Amino acid sequence: MRKINFFDTTLRDGEQSPGVNLNSEEKLAIARQLERLGVDVMEAGFPASSQADFQSVQEIAREIRGCSVTGLARSVKSDIDTAWEALKDGASPRIHIFIATSDIHLKYKLKKTREQVIEQAVEMVKYAKSKFPIVQWSAEDACRTDLGYLAKIVGKVIEAGADVINLPDTVGYLAPAEYGNIFKYIKENVPGIDNVTLSAHCHDDLGMAVANSLAAIENGADQIESVINGIGERAGNASLEEIAVALYIRKDFYQAETRLKLDEIKRTSDLVSNLTGMAVPRNKAVVGDNAFAHESGIHQDGYLKEKTTYEIFSPELVGVKTDALVLGKHSGRHAFKDKLKQLGFQFEEEEVNHFFRIFKEFTAKKKEITDEDIIAIVLEEKVSSRKAGYDLEGLQVNYGTSQVPTATATLRNQFTDEVIHEAATGTGSIEAVYNTLERCIGEEVQLLDYRIQSNGKGRDAFAQVYVQVLFEGKEGSGRGVAQDVLEASAKAYINAVNRILLLKDSNQYFSTTETSAVETKTVG
Ligand code: KIV
Ligand code: ZN
């Protein structure tokens, strides 16, 4: 059996999904869960893109010990230096540097010749190698690169010291057989290729990212770059969970194994979906709610007689629990603390006590507190407890079918301690709430998107609201959880404003040599 390494890029390429911006607490929670899932490498971010990214990559590298932590860098010295500062305390520091290699990128984006790109790539690999024990090099847009040129530059960067060669299908263009052929060609034509790890990185523009990744494995790739739930730039990246389960279930065909703990997949998927606000489609392979649901009579009949008639793997394989331990009002601190740990949270005793008190308050209102509820409570608290802007101290809404909806709200400015009361009307309750909050804040907050979903099942389920706003010229997303939909809506709105204030406050945008940080967020 061959061993396939999983390089997870949920926190870098995945986080480049439009509308997603995770804060450092959230990224750390995901990183801990990825470690538990057993990924071999996690790409924690792009350190030179912003101060916030730098800090969160550094925090993750300092804490995670069970796998290698990497960060993305352009092929410029300043990016490599910044990445080193962020990653040097990691268990097994590695850098991921990239440069575009296709003629279309050379002509329009880099405005460089092929020879100039080889020179820059070689120089930067050597420079990176003088700092990092492991250097991964990526040929951005490899799939639209002239194959002879690709083989040439790959050979040169191997000579310069690269340990991992990644050939991304940056724009999700190729069919599986074509992508596989690139790996075959590079394997057969590049001297020294057998001494490095060959890696695949696929985007899903034509819905072929998973198939392409598997084709790369068939043709010599030993490392797969993928993300949880297939999130990412445009149509997203290849789904880690789909590739992992395909390799496991079709071991007979792929003759490959991984070190992933497949029964951590569902928990990881739920956490990422919760924190990013990117809901998993019900029919999504492996992690969708319907992935194990049998609807038609004929299917149900067959399934009841023998599960394998219609189910090629059991929900338990990927950690879908049918008998999850649900906490309630009789659950003690010990069980609660255990649950926090299981869910990937690590807190000091004092914080555990704090969350336990909140948990107890909730049990007075809600009979069963599910894993989803606990995740929601913890994340909500961690986010809203940050000194970042406004705190919702009170909200009241009047609604009647023949009345004009009216809201009053009290906000506290966390910096000045000023308490602000306002009231406003709207054509609906949520508009009334948002008009009121906007008055409290005293500046225009444009609502770009609003989504609401129930956190779990039942009438007493928590409401989870995601919003996207434009405030002070910046777009930001926010998330709010509460038992009441209006309170959840208000919290999401304030959370979005606070996140924008936090980014502004941490002076997040580094000035970089080539492009602004906002532009660098759009690679890959
Ligand atoms: O898709 C891509 O080309 C990337 C690179 C930066 C590796 O994400
Ligand atoms: Zn990418």
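Can you tell me how many residues in the stretch 282-306 are surrounded by fewer than 14 Cβ atoms within 10 Å (Cβ to Cβ), out of contact with any His (no Cβ under 7 Å at 6 or more places or on another chain) and at pLDDT below 90?
Within the stretch 282-306, the first condition is being surrounded by fewer than 14 Cβ atoms within 10 Å (Cβ to Cβ), and the residues that meet it are 282-283, 289-290, 293, 295-298, 300-301, 304-306.
Still in the running and out of contact with any His (no Cβ under 7 Å at 6 or more places or on another chain): 282-283, 289-290, 293, 295-298, 301, 304-306.
Of the ones still in play, those that are also at pLDDT below 90 are 282, 289-290, 293, 295-298, 301, 304-306.
Count: 12.
Just checking, does the stretch 85-94 include any residue being in a strand (DSSP E or B), more than 16 Å from ligand 2 (Cβ to nearest atom), in contact with a Phe, Trp or Tyr (Cβ under 8 Å, 6 or more places away or on another chain) and modelled with pLDDT of 95 or more?
yes
Which one is nearest to ligand 2 (Cβ to nearest atom) among residues in the stretch 177-196 that are surrounded by 19 or more Cβ atoms within 10 Å (Cβ to Cβ) and not hydrophobic (A, V, I, L, M, F, W, C)?
Tyr179
Condition check ((1) in the same structural domain as Ala83 (by TED's automatic domain parsing); (2) surrounded by fewer than 24 Cβ atoms within 10 Å (Cβ to Cβ); (3) modelled with pLDDT of 95 or more) across all residues:
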{"site": "Asn21", "(1), (2), (3)": "yes, yes, no"}
{"site": "Ser24", "(1), (2), (3)": "yes, yes, no"}
{"site": "Glu35", "(1), (2), (3)": "yes, yes, yes"}
{"site": "Met42", "(1), (2), (3)": "yes, no, yes"}
{"site": "Phe46", "(1), (2), (3)": "yes, no, yes"}
{"site": "Gln51", "(1), (2), (3)": "yes, yes, no"}
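Filter the stretch 227-242 down to the residues that are away from ligand 2 (no atom under 14 Å from the Cβ) and either free of Cβ contacts under 8 Å to residues at least 60 places away in the same chain or under 9 Å from the mean Cα position of the chain (by Cα) (or both) and list them by number.
The answer is Ile228, Asn229, Glu242.
Here are the criteria: (1) in the same structural domain as Thr70 (by TED's automatic domain parsing); (2) away from ligand 1 (no atom under 16 Å from the Cβ); (3) assigned to a loop (DSSP other than H, G, I, E, B). Tell me which single one Ala285 does not satisfy.
Condition (1) is where Ala285 drops out.
So which residues in the stretch 23-43 are in contact (Cβ under 8 Å) with a residue 40 or more places away in the chain and not β-branched (Val, Ile, Thr), if there are any at all? Spell out how you get there, then give the answer.
Quick first cut of the stretch 23-43, residues in contact (Cβ under 8 Å) with a residue 40 or more places away in the chain only: 23, 25-26, 29-30, 32-34, 36-41, 43.
Matches in the stretch 23-43: Asn23, Glu25, Glu26, Ala29, Arg32, Gln33, Leu34, Arg36, Leu37, Gly38, Asp40, Glu43.
In the stretch 158-184, how many residues are more than 28 Å from Tyr127 (Cα to Cα) and either more than 15 Å from ligand 1 (Cβ to nearest atom) or not assigned by TED's automatic domain parsing to the domain that holds Phe6 (or both)?
In the first step, residues of the stretch 158-184 are kept if they are more than 28 Å from Tyr127 (Cα to Cα); the result is 171-181, 184.
After this cut, where a residue has to be either more than 15 Å from ligand 1 (Cβ to nearest atom) or not assigned by TED's automatic domain parsing to the domain that holds Phe6 (or both) as well, the list is 175-178, 180-181, 184.
Within the stretch 158-184, residues that are more than 28 Å from Tyr127 (Cα to Cα) and either more than 15 Å from ligand 1 (Cβ to nearest atom) or not assigned by TED's automatic domain parsing to the domain that holds Phe6 (or both) number 7.
Mind listing whichever residues of the stretch 199-222 are within 13 Å of ligand 1 (Cβ to nearest atom) and crowded, with 24+ Cβ neighbours inside 10 Å?
Ser199, Ala200, His201, Cys202, His203, Ala209, Asn212, Ser213
The values are calculated or read from the model by the stated rules, or taken from the named source; none is laboratory data. Just so you know, these numbers come straight off a predicted model, no measurement behind them. Neighbour counts run over all protein chains shown; Cβ positions are idealised from the backbone, glycine included.
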